[in-house]
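Here's the structure we're looking at; comments come further down.
The values are calculated or read from the model by the stated rules, or taken from the named source; none is laboratory data. None of the values given here were measured: they were computed from a predicted structure. FYI the Cβ positions are ideal-geometry reconstructions off the backbone, even for glycines, and counts take in every protein chain you see.
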Amino acid sequence: MPHVEVHLNAACSRCTAVSATRTRSRRSWPASLPAARSSFGGTLASPEGEPLSCDIELHLTDEGVAHGQELMNALETLGAPRGSTWKVGDEQPVPFGTSEGVAVYLNGTDLPDEVYRDNDVNDLIGQLLDRVGDEGDLHSWWEGPRESALYLYGISSAVIKDRSADVLVVHPLAQRCRVVGLT
């Protein structure tokens, strides 16, 4: 069975990526494509533990490898970001991915105690997703020692930044946040 390495240029853990793929695959994975079995994966993380990218190893039949472009297209439909790669055996990696990402880093230590006590991050996430609409989605999040990150991906990081700006200006948990492009 050929060995395929999929590198997702996404700030998510392997578990998050596989879970999202399973959840979305029911509506996005073309029935005509062969199934893949994931045998291993890993997450590249910063020294603080923030996920930077994710690798997934797949085992496909020869028929599955022959459908490589269709499989990459399906992964793009599931939100694979630009800068992702697909590599079969010793061949050169093939770039794929179309989405762009934005990280919203929320200050987790320097705001007044009542801000953390009286506000729910899920409310902020809901407002961001409502504002971003069909242009993006929350793919993952990370809780670090000094800040937490919300990872939003969509067609355009500029659109996500623009649409989320008004929410970030007024929501108490977004005080002193920073917004960083990921792709």
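Just the residues that are of a type in the set (Gly, Ala, Ser), surrounded by fewer than 18 Cβ atoms within 10 Å (Cβ to Cβ) and farther than 18 Å from Ala10 by Cβ, please, taken from the range 159-183. Even if it seems obvious, please write down each step before you answer.
Keep residues of the range 159-183 that are of a type in the set (Gly, Ala, Ser), which gives 164-165, 174, 181.
Right, trim to surrounded by fewer than 18 Cβ atoms within 10 Å (Cβ to Cβ) and you get 165, 181.
Matches in the range 159-183: Ala165 only.
Residue-by-condition table, conditions (1) touching a Ser or Thr at 6+ places or on another chain (Cβ under 7 Å); (2) closer than 17 Å to Glu5 by Cβ:
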{"residue": "Cys54", "(1), (2)": "yes, yes"}
{"residue": "Thr61", "(1), (2)": "no, yes"}
{"residue": "Met72", "(1), (2)": "no, yes"}
{"residue": "Thr77", "(1), (2)": "yes, no"}
{"residue": "Arg82", "(1), (2)": "yes, no"}
{"residue": "Gln92", "(1), (2)": "no, yes"}
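For the range 51-67, which positions are buried (at least 17 other Cβ atoms within 10 Å of the Cβ) and out of contact with any His (no Cβ under 9 Å at 6 or more places or on another chain)?
Across the range 51-67, the qualifying residues are Pro51, Gly64, Val65, His67.
Every residue, every condition in (1) within 18 Å of Pro51 (Cβ to Cβ); (2) hydroxyl-bearing (Ser, Thr, Tyr); (3) modelled with pLDDT of 95 or more, yes or no:
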| position | (1), (2), (3) |
| --- | --- |
| Ser140 | yes, yes, no |
| Glu147 | yes, no, yes |
| Ala158 | no, no, yes |
| Val167 | no, no, yes |
| Ala174 | no, no, yes |
| Cys177 | no, no, yes |
| Val180 | yes, no, yes |
| Thr183 | yes, yes, no |
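Is at least one residue of the range 121-138 assigned to a loop (DSSP other than H, G, I, E, B), surrounded by 12 or more Cβ atoms within 10 Å (Cβ to Cβ) and either aliphatic (A, V, I, L, M) or at pLDDT 95 or above (or both)?
Scanning the range 121-138, I find no residue that is assigned to a loop (DSSP other than H, G, I, E, B), surrounded by 12 or more Cβ atoms within 10 Å (Cβ to Cβ) and either aliphatic (A, V, I, L, M) or at pLDDT 95 or above (or both), so the answer is no.
Restricting attention to the range 85-102, which residues are surrounded by fewer than 20 Cβ atoms within 10 Å (Cβ to Cβ), touching a residue at least 60 places away in the same chain (Cβ under 8 Å) and part of a strand (DSSP E or B)?
Matches in the range 85-102: Thr85, Lys87, Val88.
If I filter the range 144-160 down to residues being without any contact (Cβ under 8 Å) to a residue 60 or more places away in the chain and part of a helix (DSSP H, G or I), which single residue comes out as farthest from Leu182 (Cα to Cα)?
Val159
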